[in-house]
Amino acid sequence: MTLPAANTLTDTDDKYTVLKDVFGFDSFRPGQEEVVDTLLAGRNILTVMPTGSGKSLCFQIPSLVTGGLTIVVSPLVALMEDQVAALKLAGVAADTINSSRSREDNVASWRRAAAGETRLLYMAPERLMTERMLSALGKLDISLFAVDEAHCISQWGPAFRPEYEKLSQLRPVFPGTPIAALTATADAVTRDDIVARLFDGDAKSVVLGFDRPNIKLSVEMKQEWKRQMVDFLERHRGESGIVYCLSRKKTEEASQYLRDHGVNALAYHAGMDAGIRQSHQNAFMTDPGIVIVATIAFGMGIDKSDVRFVLHVDLPGSVEAYYQEIGRAGRDGADAEAHMIYGLQDIRMRRMFIEDEESGPERKRREHKRLDTLVGYCEAPECRRRSLLAYFGEEVDACGNCDVCINPVEMADGTELGKKVLAAVDGSGQLYGSAHIVDILRGMQSEKLLKAGHDRLAAYGSGADLHKPEWQSIIRQLVSAGFLRLDVQGYGGLAITPKGQDLARGEESFRYRQDTLKKSRAAKRRANDLAADADLPEADTKLLTELRALRLSFAKERGVPAYVVFTDRTLVDMARRKPVTIDEFAEVHGVGAAKLRDFAEPFLKAISGGS
């Protein structure tokens, strides 16, 4: 099986040759072929596809079909390195110029590109958009620009990066070269802004549906987050999953707590030693039942198909971030779960982050609105999936696969309860946080409360019939509904909004969710059954474990993540097919010409020994 030289691939039919011979796939996934054809026709395109839907292939195939040099813009060094390593293993001449490499290595990469030896060259936007680099590229045969994580260019998006803004100069400098913009998360406003900035309005848009119906969605109010975390993982005992935390410190704390409770958990954050971080990632990719506890530093470019859950123990940064992070679950199409634990303190922290950001008042206002939308999702009284997808402009019927659909919440008239909260907030001077307000309502005798004389307020003890978590839930919903405002620049004090004043006067009503607290810590255990994940008999599951170990040895030898050698889906297909000959191995999903050459013999040997 021989790959034609890149400059001989001129007919659009050759896209199928590249798809099979280079990447080992028999057919395109939904949306991919339309994007490929648009780029082969020389047109600009914005592509919005869910995480795991194969965006990279959309520009890699046109690059190999048309020849010339493709410049790929990527925001993260680790992501560039992984994608280049994966392409090289597939027999593709790919390279990168980035800050983690020595000057000598970067000069060598440039010389290969300038000599026409490289098909895809990855670099960060700030390195690309220099006068010197643009001038040098102008002398080469540039066939395509691909801008990954394109939402970073939009001033309306939560992940706006100023260095991406300069990419708007690409079109006038290279007017005849098509540009592909790719992202997994962009609402309608962000998409319009990308098209206007990067393409001056001249681009086709391909937006796939955002729905991932196999992922069950659920949200729980935060009480004792460590206990709640362990209870959730009891339902996923022995399964691979990701736990997202807000800080590096909490990541370490959570992973240690899980290990103390019998969970095979590993920490992952940007402050760790790079070697340990890589080791933890490889273990997650290769070994069954590993739980990664991570900050948002973990996830981009991770291609693990059998992630059965994503748990957020803190509120994510935005709806877009949340959607992208939960999209790492269930990429094999099997059932998965995305669960979030959050509380009022999370909202306060997120609002503080927005206020501390070096940005203008207009951007801060937008970010607060985005946070309001995420809080609205958390407090959704009806189908969560409908609430989530509506943000991206997609309408769906009630999903039947979220906690609200499965156990519909009762909405109660909370007008009088709301008035009690407002009376306590107003009487104490609109200076105190929710914990103090709850103490007033419940008639507690804390030193702080008595010293302030708040035991003499009319509201003192007016809510003694409700438990602390119930009042916390009511206050949280009063905040999310706009009756109360958090002082994010101070110490989290609650203040009454104009809407809240209307409620106090009886001119507004308040309805709230009566959250049901879990009374039992016992949870149903799910077996550590890799065979169920892969739908393989027991003997083949043992073979799959051996293939994963072999994959890891090759990954360590080459200094790349395990999934770069072969994805889980490829290994499952090997275990199921049990190829005996080279030709049979070539038919395995994801085995192209280069991987056939480099890996067929050792993997065939392992398969024959495991049969």
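All of the numbers you see were taken from the coordinates with simple rules; none came from a lab. All values derive from a computational prediction rather than experimental measurement. All Cβ positions, glycine included, derive from the backbone under ideal geometry; neighbour counts span all protein chains shown.
Counting only DSSP H runs of at least 4 residues, each contributing -39500 (n - 2.57), and dividing by the residue count of the chain, the helix-based mean residue ellipticity at 222 nm comes to -13500 deg cm²/dmol.
In summary, the lysines within cross-link reach of K605, defined as a Cα separation below 16 angstrom excluding same-chain residues under 8 places away, comprise K542, K578, K595. By DSSP, the beta bridges lying fully in the stretch 215-406 are antiparallel in about 0 percent of cases. Based on the Kirkwood radius over alpha-carbon pairs, what value in µm²/s does the Stokes-Einstein equation return for the translational diffusion coefficient of the stretch 215-406 at 4 °C and 1.567 mPa s? The estimated diffusion coefficient comes to 75 µm²/s. Comparing Cα centroids, the stretch 426-453 and the stretch 552-604 end up 64 angstrom apart. Assuming 0.692 mPa s and 37 °C, estimate D for the stretch 355-501 with Stokes-Einstein, Rh taken as the Kirkwood radius over Cα pairs, in µm²/s. Answer from the Stokes-Einstein relation: 192 µm²/s. Counting only alpha carbon atoms, the long axis of helix 55-66 and the longest principal axis of the chain meet at about 20°. Taking all Cα pairs closer than 8 Å and separated by 6 or more residues, the relative contact order of the stretch 51-137 comes to 37 percent. Between A464 and E410, the FRET efficiency estimated from the beta carbon spacing at R0 = 25 angstrom works out to 0.65.
Cross-link partners for K226 among the lysines, with Cα-Cα distance under 20 Å and sequence neighbours closer than 8 places in the same chain left out: K249, K250, K468, K518, K519, K524.
As a length-normalised measure over Cα pairs under 8 Å and 6 or more apart, the relative contact order of the chain settles at 15 percent. Enclosing the Cα atoms of the stretch 115-220 in their convex hull gives a volume equal to 143 cubic angstrom per residue. Footprinting exposure proxy ranking of R551, R505, R351, R577, fewest other C-beta atoms within 10 angstrom first, gives R505, R577, R351, R551. Helix 538-558 and the longest principal axis of the Cα set of the chain meet at an angle near 80°. Once Cα extents along the principal axes in Å is calculated for the structure shown, the corresponding label among (i) 85, 59, 45; (ii) 98, 62, 43; (iii) 69, 63, 45 turns out to be (i). Just so you know, the averaged projected area of the alpha carbon convex hull for the stretch 536-610 sits at 4.3 nm².
Within the straight-line cut-off of under 24 Å between alpha carbons, the lysines reachable from K204 are K15, K55, K166, sequence neighbours fewer than 8 places apart in one chain being disregarded.
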